[in-house]
Amino acid sequence: MGISVQKLMQYKPQGKSIVALTAWDYTSAAIVDQAGVDLILVGDSMATAVLGHESTLPLTLDEIIHHARAVKRGSQRALLICDLPFLTYQESVGQAIASAGRVLKEAGMQGVKIEGGHPEMVETVRRLVNVGIPVMGHIGLTPQSIHQLGLRQQGKAEDEQDVLIEQAIALQQAGAFSIVLEHIPTDLARQISQKLTIPTIGIGAGPDCDGQILVTADLWGLTDRQPPFAKVYVNLREQALTGTQAFCTDVQTGQFNPNS
Ligand code: KIV
């Protein structure tokens, strides 16, 4: 039996940490699911980490649905949440419902993640939840706002901290089932986690969130553009390069034998 939103929300009162990772295709999903993660995010970070774009902005809804369908085929247990790409939900509540609906109907996802905690976005969360679509919030560093906020840590100044706390509470009141806190100070993430009854999932937000998420391409050391808070657990890029160079050499020197 796979993990539902309701089951995931029981972790916090039980004192259990949520383990979350991203996936972008059948193989990455099968590996992280088999490893035991609780939540797989089909993250729009695939735009940079997998598709080679400079930011997450170019990713389209059709593209993320294509990848989400493969992730669905590769996973059996984890809760499946999909990012709504830039400008597929900010225009109006109707646009957000239509985009989220496609992600659930066409890719079999169990919920969506959207960035931002300002009043219009809080209203969008409320309306999505009202039509039965689980929503994960995302505040702090929000990569879809790269041209407005850059990629720097958020919530350093006291007034910024107050705003982020207010946004987290408003998202919870609107019905979000969890909130990603990205690249904010550890103390602030701890405060927000303590104030909320829904779980916080941190990335670059210190150890005191209710769960942690990493971009799997970073965890696997696959990319050459990791953020400062990424943690590499295995350097697959180096291993893949070494193995591929060995194959090139074998073929070039006439030593390649598929039967040996
Ligand atoms: O797209 C993504 O991978 C994300 C994580 C950084 C949380 O939003």
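A short reminder: the numbers here are calculations on the coordinates, not readings from a lab. Keep in mind the model is a prediction, meaning the values are calculated, not measured. Neighbour counts run over all protein chains shown; Cβ positions are idealised from the backbone, glycine included.
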Open item on the list: Restricting to the stretch 118-152, count the residues that are surrounded by 18 or more Cβ atoms within 10 Å (Cβ to Cβ) and within 19 Å of Ile213 (Cα to Cα).
Closed with: 11
- [ ] List the number of the failed condition for Arg77; all other conditions in (1) basic (Lys, Arg); (2) outside any loop (DSSP other than H, G, I, E, B); (3) under 22 Å from Ile201 (Cβ atoms) hold.
- [x] (2)
Task: Total residues in the stretch 80-124, condition in a helix (DSSP H, G or I) and not polar (S, T, N, Q) - done: 18
- [ ] Working only within the stretch 18-40, note down all residues that are outside any helix (DSSP H, G or I) and within 16 Å of the ligand (Cβ to nearest atom).
- [x] Ile18, Val19, Ala20, Leu21, Thr22, Ala23, Trp24, Asp25, Val37, Asp38, Leu39, Ile40
- [ ] Would you mind telling me which numbered condition in (1) touching a residue at least 12 places away in the same chain (Cβ under 8 Å); (2) more than 16 Å from the ligand (Cβ to nearest atom); (3) farther than 25 Å from Met121 by Cβ Gly15 fails?
- [x] (1)
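Does Ala176 satisfy the criteria of being in a helix (DSSP H, G or I), touching a residue at least 40 places away in the same chain (Cβ under 8 Å) and of a type in the set (Gly, Ala, Ser)?
Numbers: in a helix (DSSP H, G or I): no; touching a residue at least 40 places away in the same chain (Cβ under 8 Å): yes; of a type in the set (Gly, Ala, Ser): yes.
No; evaluated as a whole, the condition is false for this residue.
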Task: Enumeration of residues in the stretch 53-74 that are surrounded by 22 or more Cβ atoms within 10 Å (Cβ to Cβ) and closer than 22 Å to Ser4 by Cα - done: Ile64, His67, Ala68, Val71
